[in-house]
Amino acid sequence: MSVSVQFIQGLDEEISGISLRKRRDTGTKMVVLFFERVAAIEKGRSFVNQVDKLFLRDEEGEIQVSPNGIKFTFVDDDTLSQAECSFDVHSEAWERVMRFFHRYADVHGFEFSEPNI
């Protein structure tokens, strides 16, 4: 099975960067994904007010996460510069999410190292 990230089921997105963070106020771990392009937008599909699910798929199965939000940055009115999607990862799911990102890094040529958070 391939390793994929999807806003809309069946339409793969390509991550351009990943940042792992920790919320100062609660200590909750957070993942921020960066995209240079978003296939869901390019294919003429639109998001309804907000993205409610992000699907992370690999050989172990599917992880559904609920984004805290997604931020789009445009160079002009029509050209997407970057999209940033963040979501919280609770302790019980952290190991599984990290296994997914290690696989994603291997398949897509990322250098991925886990921080001490």
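Using 0.36 nm times the number of residues separating residue 111 and residue 76, minus their current alpha carbon distance, what extension gain do you get?
9.5 nm
With viscosity set to 1.567 mPa s at 4 °C, what whole-number translational diffusion coefficient in µm²/s follows for the stretch 52-117 from Stokes-Einstein and a Kirkwood radius over Cα pairs? Roughly 94 µm²/s, to the nearest whole number.
With Cα extents along the principal axes in Å in mind, check (1) 56, 37, 16; (2) 31, 25, 24; (3) 39, 37, 25 and report the label derived from this structure. Computing Cα extents along the principal axes in Å and matching it to (1) 56, 37, 16; (2) 31, 25, 24; (3) 39, 37, 25 gives (3).
Bridging of residue 22 to aspartates and glutamates at a Cα separation below 12 Å is possible for 88, once same-chain residues fewer than 8 apart are set aside.
Between 0 and 90 degrees, the angle of helix 91-108 with respect to the longest Cα principal axis of the chain falls at about 60 degrees.
Here the label points at residue 96 and residue 60, each 7 Å from Cα along the C-beta direction, are separated by 0.8 nm in the simple model.
Solvent exposure of the chain, expressed per residue, is 61 Å² of accessible area, with all protein chains present and a 1.4 angstrom probe. In the elastic network of the chain, a GNM with C-alpha springs shorter than 10 Å, the most mobile of 19, 91, 66 is 91.
The values are calculated or read from the model by the stated rules, or taken from the named source; none is laboratory data. Quick caveat: nothing in here was measured; it's all calculated off a predicted structure. Every residue, glycine among them, receives a Cβ derived from its backbone with ideal geometry; neighbour counts consider all protein chains shown. Quick note on the areas: whole protein, heavy atoms, side chains included, nothing else; ligands and nucleic acids left out. Shrake-Rupley method; radii C 1.70, N 1.55, O 1.52, S 1.80 Å.
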